[in-house]
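The values are calculated or read from the model by the stated rules, or taken from the named source; none is laboratory data. On a predicted model such as this, the values are computed, not experimentally measured, just so you know. Virtual Cβ from ideal backbone geometry, glycine too; neighbours counted across all protein chains shown. Ligands, DNA and RNA are stripped out before the accessible areas are found, and what is left, the full protein with its side chains, is counted by its heavy atoms. Shrake-Rupley method; radii C 1.70, N 1.55, O 1.52, S 1.80 Å.
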Amino acid sequence: MADLKTKQHDGDPEAFLNSVENDKRREDSFTVMRLMEEITGAPAKMWGETIVGFGSYDYTYASGREGTWMLVGFAPRKATLTLYIQSGFDNFGTLLGKLGKHKTGKSCLYIKKLEDVDMDVLRQIIAESVDHMKKTNP
(Lines give C-alpha, C1' and ligand atoms only; values in the text may rest on other atoms or scores of the structure.)
Protein backbone atom coordinates (compact mmCIF):
# COMPACT_ATOMS: atom_id res chain seq x y z
CA MET A 1 0.00 0.00 0.00
CA ALA A 2 1.44 3.38 -0.99
CA ASP A 3 2.20 5.96 1.68
CA LEU A 4 0.36 9.26 1.64
CA LYS A 5 2.73 11.85 0.16
CA THR A 6 1.16 14.89 1.81
CA LYS A 7 2.12 14.73 5.48
CA GLN A 8 2.42 17.24 8.27
CA HIS A 9 5.97 18.45 8.89
CA ASP A 10 7.87 21.15 10.77
CA GLY A 11 8.03 23.67 7.92
CA ASP A 12 7.24 27.30 8.74
CA PRO A 13 3.75 28.28 7.47
CA GLU A 14 4.49 32.01 7.76
CA ALA A 15 7.69 31.70 5.74
CA PHE A 16 5.78 29.69 3.13
CA LEU A 17 3.01 32.28 2.92
CA ASN A 18 5.55 35.10 2.71
CA SER A 19 6.93 33.38 -0.40
CA VAL A 20 3.59 33.67 -2.24
CA GLU A 21 4.30 36.01 -5.17
CA ASN A 22 0.83 37.45 -5.70
CA ASP A 23 0.37 40.23 -3.11
CA LYS A 24 -3.41 39.81 -2.84
CA ARG A 25 -3.19 36.02 -2.57
CA ARG A 26 -0.52 36.38 0.13
CA GLU A 27 -2.63 38.88 2.10
CA ASP A 28 -5.75 36.70 1.77
CA SER A 29 -3.73 33.65 2.86
CA PHE A 30 -2.67 35.30 6.09
CA THR A 31 -6.30 36.27 6.74
CA VAL A 32 -7.46 32.68 6.19
CA MET A 33 -4.64 31.38 8.38
CA ARG A 34 -5.73 33.61 11.29
CA LEU A 35 -9.38 32.64 10.75
CA MET A 36 -8.66 28.90 10.74
CA GLU A 37 -6.39 29.18 13.80
CA GLU A 38 -9.17 31.00 15.66
CA ILE A 39 -11.85 28.48 14.68
CA THR A 40 -9.81 25.33 15.35
CA GLY A 41 -7.73 26.56 18.27
CA ALA A 42 -4.84 24.77 16.54
CA PRO A 43 -1.65 26.33 15.19
CA ALA A 44 -0.94 26.42 11.47
CA LYS A 45 1.19 23.49 10.28
CA MET A 46 2.64 22.71 6.88
CA TRP A 47 1.27 19.65 5.09
CA GLY A 48 3.40 18.76 2.11
CA GLU A 49 5.01 21.63 0.24
CA THR A 50 2.04 23.94 -0.31
CA ILE A 51 -0.80 23.24 2.15
CA VAL A 52 -1.32 24.96 5.49
CA GLY A 53 -3.43 22.78 7.76
CA PHE A 54 -4.98 22.98 11.21
CA GLY A 55 -5.64 20.17 13.66
CA SER A 56 -5.79 16.56 12.56
CA TYR A 57 -7.82 13.39 12.70
CA ASP A 58 -7.10 9.73 12.10
CA TYR A 59 -9.07 7.72 9.55
CA THR A 60 -9.37 4.13 8.41
CA TYR A 61 -10.88 3.19 5.05
CA ALA A 62 -12.89 0.01 4.54
CA SER A 63 -9.84 -1.31 2.68
CA GLY A 64 -7.85 -1.09 5.91
CA ARG A 65 -5.75 1.86 4.76
CA GLU A 66 -5.11 4.25 7.66
CA GLY A 67 -3.80 7.76 7.88
CA THR A 68 -3.87 11.16 9.51
CA TRP A 69 -5.24 14.26 7.83
CA MET A 70 -5.92 17.90 8.69
CA LEU A 71 -9.30 19.02 10.05
CA VAL A 72 -9.23 22.03 7.71
CA GLY A 73 -6.61 23.73 5.59
CA PHE A 74 -5.84 25.83 2.56
CA ALA A 75 -3.36 26.32 -0.24
CA PRO A 76 -2.57 29.57 -2.05
CA ARG A 77 -2.61 28.34 -5.65
CA LYS A 78 -1.88 30.53 -8.68
CA ALA A 79 -5.48 30.70 -9.88
CA THR A 80 -7.35 30.53 -6.57
CA LEU A 81 -7.14 30.24 -2.84
CA THR A 82 -8.12 26.61 -2.26
CA LEU A 83 -9.74 25.78 1.07
CA TYR A 84 -9.96 22.14 2.16
CA ILE A 85 -13.37 21.66 3.79
CA GLN A 86 -13.08 18.03 4.88
CA SER A 87 -16.78 17.47 5.57
CA GLY A 88 -17.62 18.19 1.93
CA PHE A 89 -20.51 20.42 0.92
CA ASP A 90 -23.62 18.22 1.05
CA ASN A 91 -25.00 20.13 4.05
CA PHE A 92 -23.95 23.62 2.99
CA GLY A 93 -26.36 24.40 0.13
CA THR A 94 -27.96 27.40 1.82
CA LEU A 95 -24.66 28.76 3.11
CA LEU A 96 -22.94 28.32 -0.25
CA GLY A 97 -25.79 30.30 -1.80
CA LYS A 98 -24.95 33.18 0.56
CA LEU A 99 -21.16 32.89 0.32
CA GLY A 100 -20.53 34.88 -2.83
CA LYS A 101 -18.28 34.14 -5.79
CA HIS A 102 -16.74 30.66 -5.48
CA LYS A 103 -16.51 27.18 -6.96
CA THR A 104 -16.43 23.81 -5.24
CA GLY A 105 -14.98 20.37 -5.78
CA LYS A 106 -15.53 17.30 -3.60
CA SER A 107 -14.01 18.93 -0.51
CA CYS A 108 -12.34 21.98 -2.07
CA LEU A 109 -13.67 25.51 -1.95
CA TYR A 110 -12.08 27.72 -4.60
CA ILE A 111 -12.04 31.49 -4.02
CA LYS A 112 -10.21 34.02 -6.18
CA LYS A 113 -10.29 36.88 -3.64
CA LEU A 114 -11.67 37.05 -0.12
CA GLU A 115 -13.39 40.31 -0.99
CA ASP A 116 -15.63 38.24 -3.31
CA VAL A 117 -17.14 36.31 -0.39
CA ASP A 118 -19.04 37.03 2.82
CA MET A 119 -16.50 36.40 5.58
CA ASP A 120 -19.19 35.61 8.18
CA VAL A 121 -20.58 32.89 5.92
CA LEU A 122 -17.06 31.55 5.24
CA ARG A 123 -16.40 31.46 8.99
CA GLN A 124 -19.63 29.50 9.51
CA ILE A 125 -18.79 26.95 6.79
CA ILE A 126 -15.32 26.36 8.24
CA ALA A 127 -16.62 26.11 11.82
CA GLU A 128 -19.43 23.70 10.92
CA SER A 129 -17.05 21.52 8.93
CA VAL A 130 -14.53 21.40 11.79
CA ASP A 131 -17.30 20.55 14.28
CA HIS A 132 -18.56 17.80 11.97
CA MET A 133 -15.09 16.32 11.56
CA LYS A 134 -14.45 16.34 15.31
CA LYS A 135 -17.78 14.63 16.01
CA THR A 136 -17.40 11.97 13.32
CA ASN A 137 -13.67 11.34 13.86
CA PRO A 138 -13.09 11.45 17.63
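Beyond 19 Å in Cα-Cα separation lie the following of the pairs 103/134; 5/112; 112/135; 78/103; 24/78; 24/112: 103/134; 5/112; 112/135. In the range 1-108, taking the dipole from charged Cβ atoms about the Cα centre, the farthest positive-side position among 95, 54, 8 is held by 95. Modelled label positions at residue 79 and residue 24, each set 7 Å beyond Cα in the direction of Cβ, lie 1.6 nm from each other. In this simple spin-label approximation, residue 110 and residue 90 carry label points 7 Å from Cα along the Cα→Cβ vector, and these lie 2.3 nm apart. For the chain, the solvent-accessible area works out to 57 Å² per residue, with a probe of 1.4 Å and every protein chain left in place.
Under 17 Å of direct C-alpha separation, and excluding same-chain neighbours fewer than eight residues apart, residue 106 reaches these aspartates and glutamates: 90, 128. For the range 79-138, applying the loop criterion from DSSP together with a ceiling of 10 other beta carbons within 10 Å to the trypsin sites (Lys or Arg not before Pro) yields 106. Overall, the chain carries a charge dipole of about 440 debye about its Cα centre when +1 sits on the Cβ of Lys and Arg and -1 on the Cβ of Asp and Glu, all other atoms neutral.
The alpha-carbon positions of the chain define a convex hull whose volume is 112 Å³ per residue. Of the trypsin sites (Lys or Arg not before Pro) found in the range 1-71, those that fall in a DSSP loop while having at most 16 other beta-carbon atoms within 10 Å are 5, 7, 65.
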